[in-house]
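Enquirer: Before I ask anything, here is the structure I am working with.
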Amino acid sequence: MPEASVLPAIPSPPAESLAGRSLPRRGLERLDLLLLAVEALDLNSGEAMLWMSEQLGVSELFPNRVELWKRRCTNPLRRTPSRSALDQAESEALIRLVCAMADRVYPLLRALLSSVEPPEITNQRWSLFQTRFIELVRERLNPRRGAVQALLDPDAGPLLHHELIQSLALAAGPGGVERLWASLLDAAA
Amino acid sequence: MKTTLRFDQISCRLEVEGLPDVSAGQDPESVGIVTGWSLRWAGRPELEGSKEHLEALMTVVLPYARHLLSGVRRRFGKEPEPVEIGPHPEGGHELLLRSSQPDTPPLKLKLDDAELIDLVRVLDQLRHDARLRIELPVPGSRPLRLHERNQRRPLARRLAAPVGGALTLLTSAGLVLSLSQPLTQLNRQTRRASAERVDPPARKPAELTLRVNGESWLEVSRFDGTPIFAGIGSGELRYPLGSGLKVRAGRPDLVVVQTGSGPAQELGKITEINWKRFEPEPVPEPEQEQERS
């Protein structure tokens, strides 16, 4: 696989701490869940991801939806998970794609996280996001997995959805790639 | 010539003023010497400070954001550091700023998620701006270690698994012990009962007891003629009955004979000087023994 080129605006993470380390299982799960959250926020995100891949210079890795879907199927929570792991270039490209997509939907993320607006409007936004997100989770993820059940749980689910939106917001912007990459490599708790 | 770097987000604006370090050959648009900075918040007091204050702000806010991304909500910065940030007890985040002016109480700001992320974004923009030509002491993001990640879970939850495991182990051990005691007792009782049933009490081998009142010549032999005793007998003499004994005495009237637990009787009259045969008692059958027990 060719090395992924990057957007000049997004600096590379420090090689000594992050590069060269493959993503653990939890990291793969989280990466795909973040993209799923982006899809729930932006109905055109399927096309937008391919366009963004071109902008990031990683279209050789993700030339079409099928190739992107194959990489996302490394998430063990998928209904049909792929056994193959992401290589270094693919991991980096997918992280950059998540961050770029998060930057694209940042106004929506911010609106969800802000407490300035009336609570009714914020609740309506959350309700819309959660409805779409739960539909996507039911459609694509394995409901027998505990993590998937937690996402669909009416009590525990909203907190996890909030964490995902907060993570996307923190992953947006110039320092987001480095932050998200490091967090995906966290030791398993 | 003074240069101002400006970074805008919805809720805040960061402005950093400075000068290029001409001695280092920096271009006129860059900032190599920070002379001051200001942070304007919508509906909040404006913050101002020196380069050191800006560094202090970045040193706590960016690691806080990094930890938040891993779900770890912990406090960064402590007295007497000028900036502190941590989770607010009522939700959101608390930014605490200590003034270097004496008698000035610290300023506490409650930020929601959106405001915090706006602040993080302006600091990120500044950090990654190519025009800023100074080294900022902001640690790079790194994966959290297990003990750092564990801080996100309350102590009770972290201890739940090991304590639960230990309790289960103790309960199982107690259960096994409490079950094994009645079993052992039952086993003992069964063993005792079976021992009582199977092994009847050891029967003393039947004996022939001869009590000689005074002295008398005495001869004791087996049925086949094997001699056991022949001589003057006196007092009490005991011989295993075995398969049977025969006794002859010179003064049978002085000799009292008893076999096993049977009745004692004279060996005979003074005139009856002949062999008297003593058969062993018949051994009871096991069925009879069981019935008896």
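Enquirer: Got at least one residue in segment B:146-167 being of a type in the set (A, V, I, L, M, F, W, C) and more than 36 Å from the chain's Cα centre (by Cα)? Spell out the reasoning first.
Expert: Just the residues of segment B:146-167 that are of a type in the set (A, V, I, L, M, F, W, C), to begin with: B:146, B:155-156, B:159-161, B:163, B:166-167.
When the remaining residues are screened for being more than 36 Å from the chain's Cα centre (by Cα), the result is none.
Among the residues of segment B:146-167, not one is of a type in the set (A, V, I, L, M, F, W, C) and more than 36 Å from the chain's Cα centre (by Cα), which makes the answer no.
Enquirer: Among the listed residues B:Gly43, B:Gly71, B:Gly32, identify the single one that is without any contact (Cβ under 8 Å) to a residue 40 or more places away in the chain and not charged (D, E, K, R).
Expert: Sole residue among the options that is without any contact (Cβ under 8 Å) to a residue 40 or more places away in the chain and not charged (D, E, K, R): B:Gly43.
Enquirer: Restricting attention to segment B:85-108, report how many residues are surrounded by 13 or more Cβ atoms within 10 Å (Cβ to Cβ) and assigned to a loop (DSSP other than H, G, I, E, B).
Expert: Taking segment B:85-108 first, the residues surrounded by 13 or more Cβ atoms within 10 Å (Cβ to Cβ) are B:85-88, B:92-99, B:107.
Subset that is assigned to a loop (DSSP other than H, G, I, E, B): B:88, B:92, B:98-99.
Number satisfying all stated conditions: 4.
Enquirer: Determine which member of the set B:Val256, B:Val212, B:Val220, B:Val247 is crowded, with 18+ Cβ neighbours inside 10 Å and in contact with a Lys or Arg (Cβ under 6 Å, 6 or more places away or on another chain).
Expert: B:Val247
Enquirer: Out of all the residues in segment B:121-153, which are facing chain A (nearest Cβ under 7 Å) and outside any loop (DSSP other than H, G, I, E, B)?
Expert: B:Arg121, B:Asp124, B:Gln125, B:Arg127, B:Leu146, B:Arg149, B:Asn150
Enquirer: With the requirement that a residue be among the basic types (Lys, Arg) and over 18 Å from the mean Cα position of the chain (by Cα), what does segment A:131-164 give you? Walk me through how you get there before you give the answer.
Expert: Within segment A:131-164, the first condition is being among the basic types (Lys, Arg), and the residues that meet it are A:132, A:138, A:140, A:144-145.
A:Arg144, A:Arg145 - these are the residues of segment A:131-164 that are among the basic types (Lys, Arg) and over 18 Å from the mean Cα position of the chain (by Cα).
Enquirer: Determine which member of the set A:Glu163, A:Glu178 is assigned to a helix (DSSP H, G or I), closer than 24 Å to B:His67 by Cα and either among the basic types (Lys, Arg) or without any contact (Cβ under 8 Å) to a residue 40 or more places away in the chain (or both).
Expert: Numbers: A:Glu178 fails: either among the basic types (Lys, Arg) or without any contact (Cβ under 8 Å) to a residue 40 or more places away in the chain (or both).
Criteria check complete, one pass: A:Glu163.
Enquirer: Then there is this: Only residues that are within 18 Å of A:Leu23 (Cβ to Cβ) and more than 9 Å from chain B (Cβ to nearest Cβ): list them for segment A:146-176, please.
Expert: Of everything in segment A:146-176, those that are within 18 Å of A:Leu23 (Cβ to Cβ) and more than 9 Å from chain B (Cβ to nearest Cβ) turn out to be A:Ala147, A:Leu164, A:Leu168.
Enquirer: Please go through segment A:99-115 and pick out each residue that is away from chain B (no Cβ under 11 Å), in a helix (DSSP H, G or I) and under 21 Å from A:Glu178 (Cβ atoms).
Expert: The answer is A:Cys99, A:Ala100, A:Met101, A:Arg104.
Enquirer: For the structure I just gave you, tell me whether A:Leu34 is part of a loop (DSSP other than H, G, I, E, B), in contact with a Leu (Cβ under 7 Å, 6 or more places away or on another chain) and buried (at least 16 other Cβ atoms within 10 Å of the Cβ). Please lay out each step first, then the result.
Expert: Working: part of a loop (DSSP other than H, G, I, E, B): no; in contact with a Leu (Cβ under 7 Å, 6 or more places away or on another chain): yes; buried (at least 16 other Cβ atoms within 10 Å of the Cβ): yes.
The answer is no for A:Leu34.
Enquirer: Return the only residue of B:Arg66, B:Arg73 being part of a loop (DSSP other than H, G, I, E, B) and either within 14 Å of chain A (Cβ to nearest Cβ) or touching a Cys at 6+ places or on another chain (Cβ under 9 Å) (or both). Reasoning before the result, please.
Expert: Details: B:Arg66 fails: part of a loop (DSSP other than H, G, I, E, B).
The match here is B:Arg73.
Enquirer: Looking at (1) crowded, with 16+ Cβ neighbours inside 10 Å; (2) more than 8 Å from chain B (Cβ to nearest Cβ), which is the only condition A:Ile121 fails?
Expert: (1)
Enquirer: Please tell me if A:Ala89 is over 20 Å from B:Arg73 (Cβ atoms), of a type in the set (Gly, Ala, Ser), buried (at least 23 other Cβ atoms within 10 Å of the Cβ) and more than 14 Å from chain B (Cβ to nearest Cβ).
Expert: Working: over 20 Å from B:Arg73 (Cβ atoms): yes; of a type in the set (Gly, Ala, Ser): yes; buried (at least 23 other Cβ atoms within 10 Å of the Cβ): no; more than 14 Å from chain B (Cβ to nearest Cβ): yes.
Judged against the criteria, A:Ala89 is not a match.
Every read-out reported here was derived from the displayed coordinates using simple, explicitly stated rules and does not represent laboratory data. Model, not experiment: these values are computed from the prediction. Note that we place each Cβ from the backbone using ideal geometry, even for glycine, and neighbour counts take in every protein chain shown.
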